[in-house]
Every structure is written in C-alpha cells, then in structure tokens.
C-alpha cells in the first residue's frame, strides 16, 4: 500500500512534465465540472493521469464544489490515482477541511487520499497535522497516518523535529513502520552517509529502546537499498550497544534475492550469538521463499560450524518426508545444544506419521532425560510453538 501510494505520487509528477506531448483524447467541454468528468472518464491510465494533473494545475479553490460533485457522480470509476491528485491539490489550500471531508467518503481507495493530505500537511505545518493524526491513534488507519506525517515532516523546510515525533509513537509496529518510511526516504533523498550519521547521532537513552529500533530499521532498509553497504554497517555495529539483531535483519532482508550468498556472507563472520541467530533466521526466510532450493543447497554445502544453526532447521524441514535423510544431517551438527534441539525436532516430526519407529529411535537417542521426557509427553498432533521475534525487532 505505501509503495503503491509513492508510485502514484511519482506518476503525478511525471504526468505534469509529460503533458506537453501527451494530450491524446477528445477535447474537454467547457466548464470545470465537464472538463473534470471528461478527464475522469479517460480509460487509459497514463492519459487520464495527464488530463487530471492538467485540470488540477489550472483549478482554484473556487472550483472545489464542482470538483467534489464530479468525483461523487463518477464514484464507480474514481481510482486511487484520481483521489491522490484531488487530495494533493486540496491539501495545498485547506488540509484540515480536506482530511475531515474524506472521513465520510465511500471511495474504495479513500485511504490513499488521507495519506496524501497528511503528508502534504506535514510538510507545511507538522504540529497541526500531528494533532489530527494523534486523534486517530489506535484506529485501523493509525499507522498509515503516522507514516504519512513522518515522511511529510522529513520532506518539509524544518525536518529536525521528525525524530522526536517518531519517538513519541507507541512501541510496536506503528513506530517501526514510521521509522522505516522516514529512513527509506532519507536514503533516496539524503544519501547513505547522511542518513547513517543522523541515526548514529540519536540520543542513546530514547524511550522504549528507540535508538536500537532506529538501527534495526536502518539495517533493514539499507539492505534493500545498498546491500553491500548494509553488510558493512551491520558488521561495524555488531559489537556496539545498538548492534543487537542487525546481522539477522540484513540476512533476512537479503534471503529472497541472494539465498546462498547471504548465508556465505554470514559464514565469513566471527562466531557468536548474533551470527548464529542471523544464520538460522536467514535460512528460515530462504526456506519460506524458495524451500527446495534452500534445502538442496544446505544439504550439499561443505560442513562448517557456521551453518549448524541452519542445519537444525534443515533437519526439521526434511524429517517428516525423509527421516533417514534427517538422521544423516544430525551427524553434521557438533554443537551439543544445537544437536539436542535437532534430535527433538526430528523426533516430533517423525512421530506424526510413524510414531512406533520414531519412539524406538528416540528412546536410544543421545539426549538429556529432560529433553526426552518433554518430547515424549507432548500430545500427538499438537504443534510445537514456533519461535517468535520480539515486537520491536521483527521486520515490518
């Protein structure tokens, strides 16, 4: 949704430039409402965007009533692009009135207009816009509005207050999403170096680990924008006070595009809990996106202690369909704790389709009595709770 809205706004800007050579279509009848209705009815998206952009370039606040009437009469074919263009124009002279009016809209893509209004409002008067956004805190549209305000604030003449605003947001996904939106925009608008300097300069004692959250969102966004720089930055920050989770976030972010390369990068790093977590979660993400390639690659990879956290997941991934293959993978895990976890994974998966064989094997398995008792006492068919990441560290 957020990326789509950004694309719509970019389309609007390009459309204004494009108009001189793209005026295809019938000439609009005289009168603001007739002209707008003709523009809204153009079937081709790009041409329609150009026609609408031209209309709003020439319209004045006095045309507001006729404009709204045209939109309401054309409700069935008013799309998100048309709403964004209207909202951007209206917010230029009356953002409070524009926002209030949209609350009663029945348009399917009304949120696109609200986001556009708040973003524009945030560029001009962020304190006033914040009052309205705060009124909607906790509603279904809360996170969209806070992101729009934060990005608009960052785009305005005085962006210095945006970090303080972000810190006021409640701990959880709303704050994370707004942080990610501001940081992603900053990489494009301000460059990597300036963005990293701004994040690193944040006070260390922010509420609810604000600086750590900013670091984590930075790692995630930078991995999408400049993967190699993200890897360098995550490694440089790994041992610092705000490095927790950065290797994991970069690895997970790159898992879909890089797969094996992401794991091989982690393989080059020094051992430790951060690397182990990153290897495990990067492989988990790769499994989710391209299961068979992930299984095949790790199964055939040269043995390396760095891959052992992922091998535990590999055991779980193949155990149900091929217990014998899973047993062979166990022999590649040397870390005692990881090995015991893998034995438990295999036992649970195997027991779901051949409980007798699995029990016979697990009774003699080299695991602690506590692990053996816990696995054997689990009720058949009840899934083991999957590990959940803390709210303030999960990727958006």
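FYI, it's all coordinate maths here, none of it is from the lab. What you see is a predicted model, and the numbers here were worked out from it, not measured in a lab. Cβ coordinates were reconstructed from backbone atoms using ideal geometry, including for glycine residues, and neighbour counts include every protein chain displayed.
The table for this structure:
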item: Calculated on alpha-carbon atoms, Rg and Dmax of the stretch 142-284 in Å; result: 15.0, 46
item: 337, 351 arranged by Cβ crowding within 10 Å, fewest neighbours leading; result: 337, 351
item: Over 17 Å [Cα-Cα, the stretch 40-95], rounded percent; result: 30
item: Inter-site label distance for residue 371 and residue 74 at 7 Å from Cα along Cβ, in nm; result: 6.7
item: Extension gain (nm, one decimal) between residue 141 and residue 324, 0.36 nm per residue minus Cα-Cα; result: 60.8 nm
item: Per-q log10 I(q)/I(0), the stretch 202-336, q = 0.15 Å⁻¹ (Debye; single scatterer per alpha-carbon; no solvent); result: -0.70
item: Simple label model, 7 Å out from Cα along Cβ direction - residue 164 to residue 226, nm; result: 2.9
item: Cα-derived Rg to Rh of the stretch 167-226, Kirkwood definition; result: 0.94
item: Helical contribution to [θ] at 222 nm, DSSP H n ≥ 4, -39,500 (n - 2.57), averaged over the chain, rounded to 500; result: -21000 deg cm²/dmol
item: Gyration tensor (Cα) of the stretch 117-216, equivalent ellipsoid semi-axes in angstrom; result: 20, 16, 11
item: Euclidean distance of C-alpha centroids, the stretch 37-83 and the stretch 119-139, integer Å; result: 26
item: Label corresponding to volume of the Cα convex hull per residue in Å³ when calculated from the structure given, among (i) 185; (ii) 154; (iii) 259; result: (i)
